[in-house]
1. Output the qualifying pairs, or none if there are none: Cβ atoms under 6 angstrom, residues six or more apart or on different chains, first residue in the range B:113-134 and at the interface with another protein chain (Cβ under 8 Å from one of its Cβ atoms), second residue of a type in the set (Phe, Trp, Tyr).
2. From the list A:Glu134, A:Glu94, A:Glu151, which residue is among the acidic types (Asp, Glu) and either in contact with a Leu (Cβ under 8 Å, 6 or more places away or on another chain) or closer than 15 Å to A:Thr77 by Cα (or both)?
3. So for the range B:178-187 (the condition being in a helix (DSSP H, G or I), over 22 Å from B:Glu119 (Cβ atoms) and more than 16 Å from the chain's Cα centre (by Cα)), does at least one residue qualify?
4. List pairs: first in the range B:236-264 and in the same structural domain as B:Leu202 (by TED's automatic domain parsing), second crowded, with 18+ Cβ neighbours inside 10 Å and part of a loop (DSSP other than H, G, I, E, B), Cβ under 7 Å, 6+ apart or cross-chain?
5. Of all the residues that make up the range A:125-147, how many are crowded, with 20+ Cβ neighbours inside 10 Å and either among the small types (Gly, Ala, Ser) or on the phi > 0 side of the Ramachandran plot (or both)?
6. I'm checking my understanding of the structure. Among residues of the range A:72-87 that are at the interface with chain B (Cβ under 7 Å from one of its Cβ atoms) and of a type in the set (D, E, K, R), which one is nearest to A:Leu157 (Cα to Cα)?
7. Would you confirm whether any residue within the range A:83-91 is touching a Ser or Thr at 6+ places or on another chain (Cβ under 9 Å), at positive phi and assigned to a loop (DSSP other than H, G, I, E, B)?
8. Does A:Gly150 count as at positive phi and within 14 Å of chain B (Cβ to nearest Cβ)?
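The values are calculated or read from the model by the stated rules, or taken from the named source; none is laboratory data. What you see is a predicted model, and the numbers here were worked out from it, not measured in a lab. Don't worry about glycine lacking a Cβ; one is built from the backbone with ideal geometry, like all the others, and counts go over all protein chains shown.
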Amino acid sequence: MAAALVVAVAFATRFGTDPSLSGSPLLDQPAPDVTLPLLDGTGDLSLAELEGQVVVVNFFASWCLQCRFEHDDLVATAEAFADRGVTFVQVAYEDDPEDTIRFLNELGLSPVTRYVTDPGSRAAIGFGIRGVPETFFIDPAGVVRGKIQGESDAVLLGSTIDAILAGQAPGEYVAGEVQGRPD
Amino acid sequence: MSEGVRVKLEEQGSQIRRDIAEVDDQARAGEFDETTARRLRETYRSELEAVDAALAGLPSEDVPPARGRMVVGTVILVVGLAVSVVVAGSMLGDGTNRNLEGVAGGELDLDSVSNETMEAVIESYRDDPAVATQLPLMEFRLAERYFEEAAYDKAFGHYRSVIENAESTGEVVAPALARVGWIVWVLNGETDLALETLDRSLDIEPADPEALYVKGQILWCGAGDPVTAATLFEQVLDTSGLPDEVVAQVEVDLELTSAGESCG
């Protein structure tokens, strides 16, 4: 009981209760139905085909410093949860595919993560992102239940996924600033 | 796997279930009060969990009756003697430029997170010097979870990692070695390696009842030395605060080894 109370207090103070924050209008709404090209050029990925799983959609870019910092945590968390019906999708935001590939090769790809591009920023517009990194959590019914704005880490990622797997709706957590593409 | 071992464990489980039912009947008949009944049910359920864990953890190849017997005995003991390693304060330390505020102001309540989250945190922070001294505690905690779930291959990997981590203290290395010794004996039958591992554990914590008991079992059932085993079981019983079911198990083993009985 004490453990549950700690978690409840933690989430209450961290997620979506600060009125000064402009919370994402996407929370508790169906995720945008987007189909995006796989970075390796082997086809497309539709978010709809992942229904039934928890889907973590992370927007990133090779020019984003915080994206570089959170990369290892995304990889570790994706692999840790791979057998729990959780799929990570990383969307390259306003990035040259060659730069994206170079970035991922440098930092290491996760074998269980789906890497996609976003031509025309359709997904970015659909998810309403303000910059990168931003991470969205979609429950098995296709509803957006969580969001992390800014640099995430394994604690945040894992605990958010745990909450969604438990049927909860963690809401939005502002971890830090997001970065727009430099001119 | 020896059919005899499985049958024996299943019989034990059936008996425990009958005992639980009998407690309910006796409580209804007013033979003892509800507090006593509750305590008895908890004791029996704890034993049942140990037997179920032992059944789940038996390897697929034939297990000699001696090691099968040890599975039951030591699972009861290790469950009863769960090493409490308190991950005090902030798991994710100060002085780092990572985004580590995380949950509840920097403290991570490990009881509230999944094995997967712990796996992810351990993996992603493995090379972070800011949390180097705290990571072994978390990794040991995860290993203990896997051990209690009878996921011995996962537990083994994390115990080894704790043992090999230069930042680990004796507080976690000693019990990790004891667990590894148990695993390599029960699952792989490696007597010498298991004894060596237990000795390393006892070098750090000479009075650790779990390490003493497991070594005693290995000496008795693996090396055929009930005399030395008996001295270790006596040392275990010198430990204060042992759960009743553990004392009962060790007393039985002491009686048998003192009489020079062979294991199994």
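1. Here the result reads B:Glu116/A:Phe81, each pair linking the range B:113-134 to a residue that is of a type in the set (Phe, Trp, Tyr).
2. Values: A:Glu134 fails: either in contact with a Leu (Cβ under 8 Å, 6 or more places away or on another chain) or closer than 15 Å to A:Thr77 by Cα (or both); A:Glu94 fails: either in contact with a Leu (Cβ under 8 Å, 6 or more places away or on another chain) or closer than 15 Å to A:Thr77 by Cα (or both).
Criteria check complete, one pass: A:Glu151.
3. Filtering the range B:178-187 down to residues in a helix (DSSP H, G or I) leaves B:178-187.
If we keep only those that are over 22 Å from B:Glu119 (Cβ atoms) too, we end up with B:178, B:181-182, B:184-186.
Checking which are more than 16 Å from the chain's Cα centre (by Cα) leaves us with none.
No.
4. B:Val246/B:Leu81
5. Kept after step one, since they are crowded, with 20+ Cβ neighbours inside 10 Å, are these residues of the range A:125-147: A:127, A:129, A:132-139, A:144-147.
Of the ones still in play, those that are also either among the small types (Gly, Ala, Ser) or on the phi > 0 side of the Ramachandran plot (or both) are A:146.
Going through the range A:125-147 one residue at a time, the tally reaches 1.
6. As a first pass, look at the range A:72-87 and keep what is at the interface with chain B (Cβ under 7 Å from one of its Cβ atoms): A:72-73, A:76-77, A:80-81, A:84.
In the following step, the residues that additionally are of a type in the set (D, E, K, R) were identified as A:72-73, A:84.
Numbers: A:Asp72: 12, A:Asp73: 8, A:Arg84: 14 Å.
Filtering first and then ranking leaves A:Asp73.
7. Let us first name the residues in the range A:83-91 that are touching a Ser or Thr at 6+ places or on another chain (Cβ under 9 Å), namely A:84, A:86-91.
If we keep only those that are at positive phi too, we end up with none.
No - not one qualifying residue is present in the range A:83-91.
8. On the way: at positive phi: yes; within 14 Å of chain B (Cβ to nearest Cβ): yes.
Against the criterion (at positive phi and within 14 Å of chain B (Cβ to nearest Cβ)), A:Gly150 qualifies.
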